[in-house]
Amino acid sequence: MAKSKHILLVIGGGIAAYKAAELIRLIRKSGMTVRCVLTESGAQFVTPMTLAALSENEVHTTLWSLKDETEMGHIQLSREADLIVICPATANLLAKMAGGIADDLATTLLLATNRPVLAVPAMNVRMWQHAATQRNIAQLKTDGIIVMQPDEGDMACGEFGPGRLPEPDVVMAEIASLLRSPFLTGAGSLQSELGPNPLDGQPAFAPDQHRPLHGKHVLVTAGPTHEPIDPVRYIANRSSGRQGFAIAAAAADAGARVTLVAGPVHLPTPAGVMRVDVETAIEMEKAVLDALPADVAIMVAAVADWRADSQSGQKIKKEGAAPAPLKLTENPDILAGLARHDQRPGLLIGFAAETEKISEHAKAKLEKKSCDWIVANDVSGPIGESVMGGTDNSVHIVTGSGTEIWERLPKMEVARRLVAKIGKEIS
Ligand code: CTP
């Protein structure tokens, strides 16, 4: 069995420190282990006892514990984690890190580490917007620290604006996405490219160059929709959702915050992806609009073109010889609606399921739906061997500048290539 991942959580001194308790719970729930380092000011907001109870691990608060320096010195502490997370990262802590100051346990291990570091800032809006903080953030990013964007909203201090700590589930999604990233761990990763000891004059991790969708919100639809006729029957199609789920996973691996609006499918949610389950085209449209704004939208779902004009509240019975006629009405075109929306994503990608004249039909769809790219699948072929519902795909990518054809590939590989192409386009 694979070794479970280990997080070192540094808790700075801010009112948002209480949210670290929920983050510990989420980290544990996902099967990872966590060890906490609490700064002196952090201890004004949460107690070591709470953190120890939740993490089921010793909590470290001081550099000057002889017991620790022999058994678990700050260097070892800083090297044993798969990822170091600073949550909340205060303006003071970020400033010290940017200046290379090491005057307590947290700052010393952050200077000594060779592990990737994720900082989750939380502070008053003016402190966040101050030129000094922004300068420090820019420096930290250059140094290879991954810095999450704080949320915007009402603050504990009564002001409004950016600076709030993102919710613990969003931080958890970022952690999961980082740990899944091929750029962070494993063969061919950035870390292995950098060699075993990045302290030898190299930054430990350079996310912005190597995780091409870092900081972007990517919206993906996947799967079929089910359009009810009566309580037991519905109109559907053969879409399995595999291609859309693979794209959502690849986008998360590339550092994006991903919202996946999924029709009824039996697939596990990719790590680090925020999933919204829907049943019908109308529900899918609402979930898509609720998820805006997005930098990129990839509409992979096979939305049912029609729904029953009226839905029977009771099961329709066989009455007489002739079957009851089924009257249909057209569903909204979610993709075309998004193209006209005033929050239209910067890059809008549609899919097309075609059985003949693939590129020709895809070009027509690109124009008709005013999107930027169409990824057309050849869904011809006998049931059971077709792309629809299968594990492989062969696609034609139609853009304003031409058509590329990718011959039969596993859907995950199509997803990786597509995400790499998106990364290039929006960089
Ligand atoms: N789409 C959508 N809403 C719909 C129908 C389709 O958002 N009501 C999106 C799909 O998610 C896909 C693209 O439009 O990205 C094309 O879907 P497809 O089913 O191939 O095209 P249709 O518009 O249904 O055209 P046709 O069935 O006539 O080929």
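Which residue, GLY337, GLY163, GLY12, tops the fluctuation ranking in a GNM of the chain built on C-alpha contacts under 10 Å? Among GLY337, GLY163, GLY12, the largest mean-square fluctuation in the Gaussian network model of the chain belongs to GLY337. Under 10 Å, Cα contacts only: if you run a Gaussian network model on the chain, which one of VAL220, VAL46, VAL300 comes out with the highest mean-square fluctuation? Fluctuation is largest for VAL46. May I ask for the net charge around VAL276, where only other residues with Cβ less than 13 Å from the Cβ of VAL276 are counted and Lys, Arg are +1 while Asp, Glu are -1? Counting the neighbours of VAL276, the net charge comes to -3.
To put it simply, the accessible area of the chain at a 1.4 Å probe is 52 percent carbon and sulfur. Solvent exposure of region 203-351 amounts to 47 Å² per residue of accessible area, where only protein heavy atoms count and the probe is 1.4 Å. With 30 Å as the limit on Cα-Cα distance, the pairs of LYS3/LYS286; LYS315/LYS369; LYS363/LYS424 that go past it are LYS3/LYS286; LYS315/LYS369. Every pair of different Cα atoms in region 6-194 enters the Kirkwood calculation, which places the hydrodynamic radius at 16.6 Å.
The alpha carbon convex hull volume per residue for the chain rounds to 188 Å³. Run the reach check for LYS96 against lysines, Cα to Cα strictly under 23 Å, same-chain hits fewer than 8 apart removed. What comes back? Within the straight-line cut-off, LYS96 pairs with LYS19, LYS141.
In the frame of its principal axes, region 85-144 has Cα extents of 31, 20, 18 Å, reported largest first.
Farthest towards the positive end of the charge dipole of region 6-194, among the residues THR47, ILE86, ALA17, is the Cα of ILE86, using unit charges on the Cβ of Lys, Arg, Asp and Glu. Of all lysines in the structure, those lying under 16 Å Cα to Cα from LYS421, and not within fewer than 8 positions of it along the same chain, are LYS216, LYS411.
Selection among VAL288, PRO270, ALA254 by position relative to the dipole of region 223-288 gives ALA254 as farthest towards the positive end (Cβ unit charges, Cα centre). The GluC sites (Glu not before Pro) of region 333-427 meeting both criteria, a DSSP state outside H, G, I, E and B (loop) and at most 13 other C-beta atoms within 10 angstrom of the site's C-beta, are GLU356, GLU385. Solvent-accessible area per residue in region 6-194 equals 43 Å², computed with a 1.4 angstrom probe and all protein chains kept. Ordered by 1.4 Å accessible area with all protein chains kept, ARG35, ARG257, ARG417, ARG307 run largest first as ARG257, ARG417, ARG307, ARG35.
The values are calculated or read from the model by the stated rules, or taken from the named source; none is laboratory data. Nothing here was measured: the structure is a model prediction, and the numbers come from that model. Methodologically, a virtual Cβ is constructed for each residue, glycine included, from the backbone with ideal geometry; neighbour enumeration extends over all protein chains shown. The area values use the complete protein model at the heavy-atom level, side chains included, leaving out ligands, DNA and RNA. Shrake-Rupley method; radii C 1.70, N 1.55, O 1.52, S 1.80 Å.
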